[in-house]
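For reference, the structure is listed below as structure tokens.
The values are calculated or read from the model by the stated rules, or taken from the named source; none is laboratory data. These numbers come from a predicted model, not from an experiment. We place every Cβ from the backbone using ideal geometry, glycine too, and count neighbours over all the protein chains shown.
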Amino acid sequence: MQKQITLKESFVLKGKGLHTGQYITAVFNPAPENHGYKIQRVDLEGEPIIDCLAENVADTQRGTVLVMGDIRISTIEHAMAALYSAGVDNVLIQLDGPEMPILDGSAILFCQEINRVGVVEQNANKDFYIVKHKMEIKGDNGEHIILVPDSEFCVNTMIAFNSKVLASQFATLDTLKDFETEIASARTFVFVREIEPLLQAGLIKGGDLDNAIVIYENELPQERYDSLADKIGIPHKDATQLGYINNKPLTWPNETARHKLLDIIGDLALIGKPIKGRVIATKPGHTINNKFARLIRKDIRRHEVQCPNYDPNAEPVMDINRIRELLPHRYPMQLVDKIIDIDENYIVGVKNVTSNEPFFVGHFPEEPVMPGVLLVEAMAQAGGLLVLNTLEEPEKWSTYFMKIDNVKFRRKVVPGDTLIFKVKLLAPVRRGISSMGGFIFVGDNIVAEAEFTAQMVKNK
């Protein structure tokens with residue numbers, strides 16, 4: 001099981017904000033387990049903190065903007081993408097202004113600083129959002145994002161503009177390990193036709209050719225072109241020459257598509273969990289990205305606990321023979337067929353429910369339903385294997401129920417169901433007493449849950 005990660009030490013990045021033009025300092029600090037991404041406005045009274053979550057995004061016009069009351073924090077997506085790609089789960093970012101420094105318009109400087117200070121594992125396990133089924137969202141102008149199951153997080157992106165210079169481009173990231181070399185340096189971009197409206201809206205005051213690619217695709221009169229160049233502080237150029245305007249050459253021919261892919265990662269980082277799944281995005285943008293992140297957040301809340309992945313082809317951690325060595329239960333009361341995952345804090349087990357189970361004879365002959373008490377017993381057996389696994393000679397010990405609390409049954413279990421148990425310790429084992437909480441899944445759905453206390457007794 002992968003552990004949560006935070007920074008080894010703090011680092012500082014300084015620069016002007018893209019939209020405000022203010023000179024801003026951003027301090028990235030280590031944070032405790034289960035903290036997530038948070039940003040603190042240290043320039044404001046009370047130094048308020050905002051959670052970096054999709055539902056706190058209130059503006060996506062030219063970047064991702066967090067809002068809490070009257071407090072705004074803009075242009076967070078590049079920093080979020082860098083943290084997410086590095087596997088960082090917990091960080092506190094302190095800002096002395098209303099937006100993240102734009103730096104060179106990409107995520108590369110954030111990545112370099114994360115690499116410089118390093119990261120450290122924490123004790124808590126990572127909580128992945130595991131994509132179990134296809135999810136999608138469509139916009140009104142051809143935007144389309146699909147999320148499908150995959151063994152890790154990867155992204156395919158296609159962009160399309162009605163432009164003589166920039167039409168269609170593709171970009172792909174098959175593993176986050178390649179983010180820094182293949183995506184992070186991709187800079188933000190803007191079309192010349194967008195500049196005047198953005199200036200009129202009070203935006204891009206800090207934009208220049210060092211932090212953005214400017215795309216000139218519709219010829220303007222020379223006088224108007226020169227006037228616009230003066231407004232944004234760039235040299236006068238021949239108005240008949242269409243193309244890219246920037247101080248640094250393009251890093252890749254499809255740099256704009258790669259930047260859109262970068263933005264997707266930064267915006268989906270706001271779901272609060274790392275994702276195991278493949279994103280396929282057509283004409284993405286901050287607005288549709290945020291809507292999709294909110295859709296995922298809604299799914300997370302609906303399935304407050306996700307079913308662990310179960311590959312029936314994988315070798316079990318404990319097979320039936322090892323289980324029989326550790327548990328005294330035998331037919332018909334042995335209710336765990338195999339263990340597929342285990343560490344010091346949790347265990348995942350499997351039970352295949354067949355029509356030949358002896359309890360179906362009386363419960364009920366015409367409508368076979370697995371008794372709820374046996375579901376709790378099955379969780380307890382898995383929990384017993386969890387705590388026995390921590391002992392040097394587990395064969396010499398047994399576990400016994402002391403207390404059962406908060407039992408809930410959400411749907412019936414019938415022949416043909418495959419039960420997945422996930423049981424975790426709620427507190428460290430003390431004096432042979434363990435407190436555990438468990439869930440049983442059929443497919444993606446929770447069918448039962450309970451908390452229970454057990455005592456370990458040496459009997460041999």
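Quick notes
- Matching option when the condition is modelled with pLDDT under 95, of a type in the set (Ser, Thr, Tyr) and not in a strand (DSSP E or B), among THR287, THR251: THR251
- In summary, strands (runs of 3 or more DSSP E) completely within region 25-68 and bearing 1 or more residues that are touching a helix residue (DSSP H, G or I) at 6+ places or on another chain (Cβ under 8 Å), of a type in the set (Phe, Trp, Tyr) and assigned by TED's automatic domain parsing to the domain that holds GLY285 occur at 37-41.
- Screening the candidates VAL457, VAL423 for the property of being surrounded by 15 or more Cβ atoms within 10 Å (Cβ to Cβ), in contact with a strand residue (DSSP E or B) (Cβ under 9 Å, 6 or more places away or on another chain), in a strand (DSSP E or B) and β-branched (Val, Ile, Thr) yields one hit, VAL423.
- Test: residue in region 426-433 that is part of a strand (DSSP E or B), of a type outside the set (Asp, Glu) and under 26 Å from the mean Cα position of the chain (by Cα): no
- Here LEU83 fulfils each of the conditions (1) more than 18 Å from the chain's Cα centre (by Cα); (2) modelled with pLDDT of 95 or more apart from (1).
- Those residues of region 239-285 which are touching a Leu at 6+ places or on another chain (Cβ under 6 Å) and small (Gly, Ala, Ser), in sequence order: ALA239, GLY272, GLY277
- For region 141-171, taking the residues that are of a type in the set (S, T, N, Q) and in contact (Cβ under 8 Å) with a residue 40 or more places away in the chain, the one that is surrounded by the most Cβ atoms within 10 Å (Cβ to Cβ) is identified as THR157.
- Of all positions in region 388-400, none carries a residue that is surrounded by 18 or more Cβ atoms within 10 Å (Cβ to Cβ), of a type outside the set (A, V, I, L, M, F, W, C), within 34 Å of the chain's Cα centre (by Cα) and closer than 24 Å to PRO332 by Cβ.
- Flag if ALA281 is under 29 Å from GLU77 (Cα atoms), not charged (D, E, K, R) and not in a helix (DSSP H, G or I): yes
- Checking each residue in region 333-364 for being part of a loop (DSSP other than H, G, I, E, B) and among the small types (Gly, Ala, Ser) picks out SER355, GLY362.
- Subset of region 10-21 (residues that are in a loop (DSSP other than H, G, I, E, B) and at pLDDT below 95): LEU18, HIS19, THR20, GLY21
- The residues listed here are ALA31, ALA81; of these, the one that is crowded, with 22+ Cβ neighbours inside 10 Å and either over 15 Å from ALA107 (Cα atoms) or in contact with a Leu (Cβ under 7 Å, 6 or more places away or on another chain) (or both) is ALA81.
- Candidates LEU203, LEU198, LEU220 - the one that is assigned to a helix (DSSP H, G or I), touching a residue at least 12 places away in the same chain (Cβ under 8 Å) and surrounded by 15 or more Cβ atoms within 10 Å (Cβ to Cβ): LEU198
- Residues satisfying the stated conditions in region 106-159, i.e. among the aromatic types (Phe, Trp, Tyr) and under 15 Å from the mean Cα position of the chain (by Cα): PHE128, TYR129, PHE153
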